[in-house]
Amino acid sequence: MTDVRTLDTTRLAPWLREHVPGAGGSITAEKFAGGQSNPTYLLSVDGAPRFVLRRKPDGVLLPSAHAIEREYRVTDALKDSAVPVAPPLALCEDSGIVGTPFFIMDYAQGRNFWDARLPDLVPVERAAIYDEMNRVLAALHAIDPADVGLAEYGKPGNYFARQVARWTRQYRATETQRIEAMEQLIDWLPANDPGLEASRIVHGDFRNDNMIFAPDEPRIIAVLDWELSTLGHPLADLAQHVMAWRVPREGYRGLSDADLPALGIPSEADYLRTYAERSGAGPIDPAHWRYALTLAMFRNAAIRQGVYHRAISGNASSEAAAVHGARAGEIAGLAWRIACGEEGACL
């Protein structure tokens, strides 16, 4: 943690004492570095790390964005499932306590890997970490939403169409200049929707830096950042995760320019094969995969544009937001190249 900005605990401390067992001592709050969306703080009680507070950012927010209430609901539903989460402890929808709604969860103390190349590990350890991520994502998609009380967590059917419509709206609401590739994608995605109807719990941003691993073994102890979760098609969630294989290290912390065999990290094809075997879904249709990857890139570009818009509006949660969000055009261009395929049919 390098960002030492803290919350005013004047009203927070008495609220915690009333709503969270074990929060009866002196409370201090320190903001975690990084993150472009919901500001997140480590809460210590009498100097010992105990809880995590996650709140909405300040300022005017887009409809349905920064939905910490949904994060609380989904993690509460999954806390006893095969998917490890940091158990949520209390939700506060009163903006008068810390300035915005927030929720409190347990502090999962372990390892967090920001770089997809896992530079501090050796090849066999990297392979185990990637296998564990693959296992947990397949376990998430195996859960019947109704079995954990999430049957109405999202709308049924037409997931791809609804995602395209949602992120087109979000992009238009934060548009600062014309990005030609985004315009092309806004036309191409509805016209090429494969019409897949499977509906499962999807995380929405399943990647290595949104997970806490045990300190001494390749085991995920908590999947974090459920802000974008909903009911949707598992292939879309998988594509969002595997997007790391399609972007470079510089600026994106990706793997496209990595020597994967030397690192011990599986290829995209091997990773997909392992997921397909675990999920029981069978081989992934190449056309469906191309569409899912394109949509993942489109959504990422729209999110980056939103980050950039918040930065120039003065209420982004990270000082790096302006640089990070300005890459929306690059990601959109990559999405358009994936949409066109190797034959370049739409170029």
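The values are calculated or read from the model by the stated rules, or taken from the named source; none is laboratory data. This is a predicted model, so every value here is computed, not measured. Quick reminder, even Gly has a Cβ in these numbers, built from the backbone with ideal geometry, and neighbours come from all protein chains shown. Ligands, DNA and RNA are excluded from the accessible area calculation, which covers all protein heavy atoms including side chains. Shrake-Rupley method; radii C 1.70, N 1.55, O 1.52, S 1.80 Å.
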Take the residues of the stretch 322-347 that are modelled with pLDDT under 80, closer than 25 Å to D237 by Cβ and out of contact with any Phe, Trp or Tyr (no Cβ under 6 Å at 6 or more places or on another chain): which is most open to solvent (accessible area, probe 1.4 Å)?
E342
Considering residues of the stretch 237-271 that are aliphatic (A, V, I, L, M) and within 19 Å of the chain's Cα centre (by Cα) only, the residue surrounded by the most Cβ atoms within 10 Å (Cβ to Cβ)
L238
Tell me which residues, restricted to the stretch 216-229, are β-branched (V, I, T) and open to solvent by 20 Å² or more (accessible area, probe 1.4 Å).
I221
Strands (runs of 3 or more DSSP E) completely within the stretch 167-268 that count 1 or more residues being in contact with a His (Cβ under 6 Å, 6 or more places away or on another chain):
200-202
Subset of the stretch 111-142 (residues that are under 17 Å from P234 (Cα atoms) and of a type in the set (A, V, I, L, M))
M133, V136, L137, A138, A139, L140, A142
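Can you find, within the stretch 180-208, the residue that is least open to solvent (accessible area, probe 1.4 Å) among those that are of a type in the set (D, E, K, R) and within 16 Å of H241 (Cβ to Cβ)? Show your work before the answer.
Taking the stretch 180-208 and keeping what is of a type in the set (D, E, K, R), we get 180, 183, 187, 193, 197, 200, 205, 207.
Subset that is within 16 Å of H241 (Cβ to Cβ): 200, 205, 207.
Values: R200: 75, D205: 23, R207: 88 Å².
The qualifying residue least open to solvent (accessible area, probe 1.4 Å) is D205.
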Looking only at the stretch 11-58, filter to residues that are modelled with pLDDT of 90 or more and polar (S, T, N, Q); which one of those is farthest from R253 (Cα to Cα)?
S26
In this structure, does Q240 turn out to be at pLDDT 95 or above, polar (S, T, N, Q), under 28 Å from G195 (Cα atoms) and in contact with a Gly (Cβ under 8 Å, 6 or more places away or on another chain)?
yes
Please go through the stretch 81-98 and give me each residue that is in a strand (DSSP E or B) and open to solvent by less than 50 Å² (accessible area, probe 1.4 Å), ordered by number.
P88, A90, C92
